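Read through the structure below, which is laid out as structure tokens, and then see the notes.
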Amino acid sequence: MTRSLSSDHRVDPEIYEPVDPQDSTWGLSRREFVQVLGAGLLITVSGEIALAQRRGGRGGGRGFGGRGPANIAARLHIDRNGAVTVMTGKVEVGQGSRAELTQAAAEELRLDPAHIRLIMADTVLTPDDGTTAGSGSTPRTVPSIRSGAAAARELLLDLAAQRWKVDRAALRVHDGAIIHESTKRAITYAELAQAEDFAKTLAQPIPGNVAVAAVKEWKVLGTSLPRPNRRDIVMGAHHYPSDILRPKMLHGKILRPPAFGATLVSIDLAAVRSLAGVAVMRDGSLVGCAAPTSLEAQRAVEALAKTAKWEAKPQQVSSNDLFPHLRKTADGSLRAALEADLAGAKKVLHESYEVAYIQHVPMEPRAAVAEWDGDKLTVWTGTQNPFGVRGELASALDVPGENVRVIVPDTGGGFGGKHSGEAAVEAARLARAAKRPVSLRWSREEEFTWAYFRPAAVIEIRAALDAAGSLVLWDFINVNAGGSGIESPYAIAKNRSRSVRADGPLRQGSYRALAATANHFARESFMDELAHAAQADPLAFRLAHLKNDRLRAVLEKVAKEFAWADRRRQPAANTGVGLACGTEKGSYVATCAEVEVDRSDGEIHVRRVCQAFECGTVLNPANLIAQNQGCVIMGLGGVLMEEIRFHDGRILNPRLATYAVPRFKDVPKIDVHLVNRTDLAPLGAGETPIVGIAPAVANAVFHATGVRVRSMPIRGKELHG
């Protein structure tokens, strides 16, 4: 199926239109940036701007990891008042990185976090720290910021020692000042920043061996620092990408095709060119309008739609025959080449699991504001990949990469769904045609139709037990969704897991934890089936096959906190408990769930979830618990209700009125228990906590009803009885 980024699906007109809006500038110009930072750092060194390195070419970013800062000055600035500004290319999409990265700098500079200002995700002002994805901010960007701040701290100590002509070892850092222990003399960062050569001092590479604070010395890291801009968010003062206003700004709408793969044959643009204040843009099949209000832009697009003629190709695959299609088009045989190894097995089980397409459902759909100044373009947008989107814009609009600036205000959700820059490119094209700034905000229907989806999957598993009930063979095949989290953590003599491609009929891409949600759902559900076949307790069966001490620790922790043995033995009528565990991105999770099933209609009520999680050293306990809670709630949607339905190239449930997500009434009691391994490096937690909830619920449903479900979402008709 050919996918396109245009559609003419109707959307509900916006209820509130801005009336005579005041101009609001977000992001900083170079002049404003210098004014904010003050003197003491921003200089030119060897023809290069130390603060924001010039990046030529049409590309943007270097993928997942990014380049990082060129030197200390590119990471942080200290002004004459002692205020510290830290720069990072990472974005805040609700995962709490703004607090955590602030903590990282404050810890190494020995400062109160309130004295740290964080500038995030501006391709002119910040270093390229890579895409905000893959739970990568904690293991990669936190150490980078700590190293930059620690290097600055060490240089400040050197400067103080030189000024006083004392032994550097006799100095210590406290609350933004250098103190000489014997004389009690003190000099502040602000005073040192006034030195004539201070900027040149910081404009040097960050040493690879700079010492950072040991965990036992932490004063800021390891504590529950709240999000620094929480007041603005709660009070409605924060401006999300959807809220950005620019002088003389217009509002844009795009004409979308009637179905995936439809090509625009002809259209009469004259139908709207006579409308006052309306600009029209056509680039191949991409057609859009910009007008003083989004309602006027929408009406202009509707007028154009009446004149448009499309050529559409019949779409052969619908959601009703999705899984047979994936099996049919799988790249290679799904039969396990292990027949000889099965000959001596006592029991052989072979089952299939199915996972539907679902949407990311961010609170804020895609949005962008684009503004041209001659041949230079600035775009404010919500993306997890600012430098990558800069490259998209440069390529799509045929301009040099250094002429494009992408600014990402803290954004209303991503979940892996905002790696690409569709809205940014559309807004930039409209702005160039209109010769004025343009705001483009996707409707929920556009988000549900033209954004990419979490891949659907068919998973085939075959396993064998010996006479003692031990696993001796494992063969696992994921069709279409991918290989993330695919390897079994269990000790099995003959073990093969693989991912194969198929013809996915919808546009698909990253989702929270990638394919690990599907792979854990299938694997942990099947482990319960094997435990049942071996007549073993699901917990005992897992522990008998576990050699990984970290996974064992969270599994034993959650079983204890949930009172697994007692709840397993004494369930109420139509009530069951289930568990699951797993590892992804180097962290470990174990989840227990208690469900109640209404057998008259098959409705599942998740009453309690208990989760144990370990990701090395904990940097911010409250935020880590919130990450776990958010993952559990999001995971409930995937296992209980979320599913994209489609037919003949059209999404059948493209609105929240027809696409179910968890509501407040669906949220169970959630207990999260953190296992803090201060002997291990910290890892991310935005993804792994989601992988255990689906199989834990599915296993609890079996315990309650005796019916084994092998699909996400669980369909109520399977449980009638």
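The values are calculated or read from the model by the stated rules, or taken from the named source; none is laboratory data. All values derive from a computational prediction rather than experimental measurement. Neighbour counts run over all protein chains shown; Cβ positions are idealised from the backbone, glycine included.
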**Scan of region 487-516 for residues that are crowded, with 23+ Cβ neighbours inside 10 Å and either within 20 Å of GLU351 (Cβ to Cβ) or of a type in the set (Asp, Glu) (or both), ordered by number** = ALA515, ALA516
**Message:** Can you go through ARG153, ARG117, ARG163 and tell me which one is over 30 Å from ASN403 (Cα atoms) and at pLDDT 95 or above?
**Reply:** ARG153
**Item:** Number of positions in region 664-719 that are more than 21 Å from the chain's Cα centre (by Cα), closer than 22 Å to TYR511 by Cβ and assigned to a loop (DSSP other than H, G, I, E, B)
**Value:** 6
**Inter-residue pairs, beta-carbon under 6 Å, first outside the structural domain of ALA553 (by TED's automatic domain parsing) and in region 651-679, second in a strand (DSSP E or B), 6+ apart** = none
**Prompt:** Is it true that SER484 is under 19 Å from SER135 (Cβ atoms) and either part of a strand (DSSP E or B) or of a type in the set (Gly, Ala, Ser) (or both)?
**Reply:** yes
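To keep it simple, each residue is scored yes or no on (1) in contact with a helix residue (DSSP H, G or I) (Cβ under 9 Å, 6 or more places away or on another chain); (2) of a type in the set (Ser, Thr, Tyr); (3) buried (at least 19 other Cβ atoms within 10 Å of the Cβ).
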| residue | (1), (2), (3) |
| --- | --- |
| CYS615 | yes, no, yes |
| ASN623 | yes, no, yes |
| TYR659 | yes, yes, yes |
| HIS673 | yes, no, no |
| THR678 | yes, yes, no |
| PRO689 | yes, no, yes |
**Asked** So which of ILE477, ILE461 is surrounded by 24 or more Cβ atoms within 10 Å (Cβ to Cβ) and either within 30 Å of ALA536 (Cα to Cα) or polar (S, T, N, Q) (or both)?
**Response** ILE461
**Request:** Please state which of the following conditions ILE187 fails to meet, knowing it meets all the rest: (1) aliphatic (A, V, I, L, M); (2) in contact with a strand residue (DSSP E or B) (Cβ under 6 Å, 6 or more places away or on another chain); (3) closer than 13 Å to ARG153 by Cβ.
**Result:** (3)
**Asked** Can you name the residue in region 171-194 that is within 42 Å of the chain's Cα centre (by Cα) and assigned to a loop (DSSP other than H, G, I, E, B) and is also surrounded by the fewest Cβ atoms within 10 Å (Cβ to Cβ) among such residues?
**Response** GLN194
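For every residue, the table says whether it meets (1) loosely packed, with under 14 Cβ neighbours inside 10 Å; (2) in contact (Cβ under 8 Å) with a residue 24 or more places away in the chain; (3) in the same structural domain as ARG429 (by TED's automatic domain parsing).
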| site | (1), (2), (3) |
| --- | --- |
| GLY288 | no, yes, yes |
| ALA291 | no, yes, yes |
| LEU295 | no, yes, yes |
| GLU302 | no, yes, yes |
| HIS325 | no, yes, no |
| ASP331 | yes, yes, no |
| SER352 | no, yes, no |
| VAL361 | no, yes, no |
| ALA370 | no, yes, yes |
**Asked** So is LEU551 within 24 Å of VAL709 (Cβ to Cβ) and either in contact with a Gly (Cβ under 9 Å, 6 or more places away or on another chain) or part of a strand (DSSP E or B) (or both) or not?
**Response** no
**Message:** Can you tell me which condition LEU221 does not meet? The list is (1) crowded, with 18+ Cβ neighbours inside 10 Å; (2) hydrophobic (A, V, I, L, M, F, W, C); (3) under 30 Å from THR293 (Cβ atoms), and all the others hold.
**Reply:** (3)
**Prompt:** Does VAL399 meet the test of being in a loop (DSSP other than H, G, I, E, B), over 19 Å from the mean Cα position of the chain (by Cα) and farther than 20 Å from GLY252 by Cα?
**Reply:** yes
**Complete:** Of those in region 508-530 that are in a loop (DSSP other than H, G, I, E, B) and not polar (S, T, N, Q), the residue nearest to SER352 (Cα to Cα) is ALA515
**Request:** For region 618-639, state whether one or more residues are polar (S, T, N, Q), within 18 Å of SER137 (Cβ to Cβ) and in contact with a strand residue (DSSP E or B) (Cβ under 7 Å, 6 or more places away or on another chain).
**Result:** yes
**Message:** Could you list, ordered by first residue, the pairs with Cβ atoms under 8 Å in which the first is in region 588-605 and more than 23 Å from PRO689 (Cα to Cα) and the second is surrounded by fewer than 24 Cβ atoms within 10 Å (Cβ to Cβ) and charged (D, E, K, R), at least 6 apart or interchain?
**Reply:** VAL597/GLU603; GLY602/ARG715; GLY602/LYS717; GLY602/GLU718
**Complete:** Listed by range, strands (runs of 3 or more DSSP E) wholly within region 221-339 having at least 2 residues that are within 31 Å of the chain's Cα centre (by Cα) and modelled with pLDDT of 95 or more are 250-255, 286-291
**Complete:** Selection from region 421-458 of residues in a loop (DSSP other than H, G, I, E, B), among the aliphatic types (A, V, I, L, M) and surrounded by 23 or more Cβ atoms within 10 Å (Cβ to Cβ) yields ALA456
**Request:** Determine which single condition ARG117 fails, assuming it passes every other condition in (1) of a type in the set (Lys, Arg); (2) in a loop (DSSP other than H, G, I, E, B); (3) touching a strand residue (DSSP E or B) at 6+ places or on another chain (Cβ under 6 Å).
**Result:** (2)
**Complete:** When (1) in a helix (DSSP H, G or I); (2) over 19 Å from GLY582 (Cα atoms) are applied to PRO505, the one that fails is (1)
**Message:** For region 587-610, which positions are more than 21 Å from ASP566 (Cβ to Cβ) and either among the basic types (Lys, Arg) or modelled with pLDDT of 95 or more (or both)?
**Reply:** SER587, TYR588, VAL589, ARG599, ILE604
**Complete:** With criteria (1) under 20 Å from TYR511 (Cβ atoms); (2) surrounded by fewer than 20 Cβ atoms within 10 Å (Cβ to Cβ), ASN385 comes up short on (2)
**Of all residues in region 340-360 being acidic (Asp, Glu) and modelled with pLDDT of 95 or more, the one that is nearest to LYS494 (Cα to Cα)** = GLU351
**Request:** Could you look through region 633-660, keep only residues that are assigned to a loop (DSSP other than H, G, I, E, B) and aliphatic (A, V, I, L, M), and pick out the one that is nearest to ALA457 (Cα to Cα)?
**Result:** ILE644
**Prompt:** Before we move on, is THR141 farther than 30 Å from ARG512 by Cβ, surrounded by 17 or more Cβ atoms within 10 Å (Cβ to Cβ) and among the polar types (S, T, N, Q)?
**Reply:** no
**Message:** Going residue by residue through region 543-552, is there one that turns out to be closer than 19 Å to ILE693 by Cβ, crowded, with 23+ Cβ neighbours inside 10 Å and at pLDDT 95 or above?
**Reply:** no
**Item:** Residue list for region 459-480, filter: closer than 29 Å to ARG327 by Cα and either part of a loop (DSSP other than H, G, I, E, B) or of a type outside the set (Val, Ile, Thr) (or both)
**Value:** GLU460, ARG462, ALA463, ALA464, LEU465, LEU471, LEU473, TRP474, ASP475, PHE476, ASN478, ASN480
